[in-house]
Amino acid sequence: MSVPATDPTANTEATAPTAESLSSWLADRIALYLKRSPSEIEPTVPLAEYGLDSVAALSLCGDIEEDFDLVLEPTVAWDYPTIEALAGHLVEELQSTEGGSR
């Protein structure tokens, strides 16, 4: 799997990722799974409308776990069906994880 040349979340120890940086990261990942350009993925369009299936959703959860050390249910892409909603949820999860570890 290719990694975007610039990773807006690379400095996660100094600052927590923002909804904007997570949205960009999610669009890059989802575009990769769907063989589209990230610019084609609108943050407010349900991912199912782009054809995101359970295999891609499971892969996305694995990427999130690997890059952000968050374990999510595979249904998260359906519980938060847009990039905008999913990014907001990830920000909340990261904040609660960060707050609990300090």
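Every number here is computed from the coordinates shown, using simple stated rules; none is lab data. Just so you know, these numbers come straight off a predicted model, no measurement behind them. Cβ sites come from the backbone with ideal geometry, for glycine too, and all protein chains shown count toward neighbours.
Using a cut-off of 12 Å between beta-carbons, work out the net charge of the residues near I41 (Lys and Arg +1, Asp and Glu -1, I41 not included). With Lys, Arg at +1 and Asp, Glu at -1, the neighbours total -2. Remind me, relative contact order of segment 49-95 in percent, using alpha carbon pairs under 8 angstrom and six or more residues apart? About 29 percent, as a whole number.
Taking amide hydrogens as placed 1.01 Å from N in the peptide plane, the amide H of V45 sits under 5 Å from those of I83, each at least 5 positions away in sequence or on another chain. Ranking L60, A87, A19 by Cα position along the charge dipole of segment 17-99, where only Lys, Arg, Asp and Glu carry charges on their C-beta atoms, puts L60 farthest toward the positive end. Among residues other than A31 with Cβ under 12 Å from its Cβ, the summed charge is 0 (Lys and Arg +1, Asp and Glu -1). Ranked by the mean number of other Cβ atoms within 10 Å of their residues, highest first, the peptides 82-91, 46-55 come out as 82-91, 46-55. Taking θ as phi - 60° and the Karplus parameters 6.51, -1.76 and 1.60, the scalar couplings of segment 86-91 work out to 5, 4, x, 5, 5, 4 Hz in sequence order, x denoting glycine and proline. Summary value for segment 17-99: 37 percent relative contact order, contacts being C-alpha pairs under 8 angstrom separated by 6+ residues. Note that segment 17-99, at 37 °C in a medium of 0.692 mPa s, gets a Stokes-Einstein diffusion coefficient of 263 µm²/s from its Kirkwood radius over C-alpha pairs. Amide H to amide H distances under 5 Å link L72 with no residue, where only residues 5 or more positions off or on other chains count and H is placed in the peptide plane.
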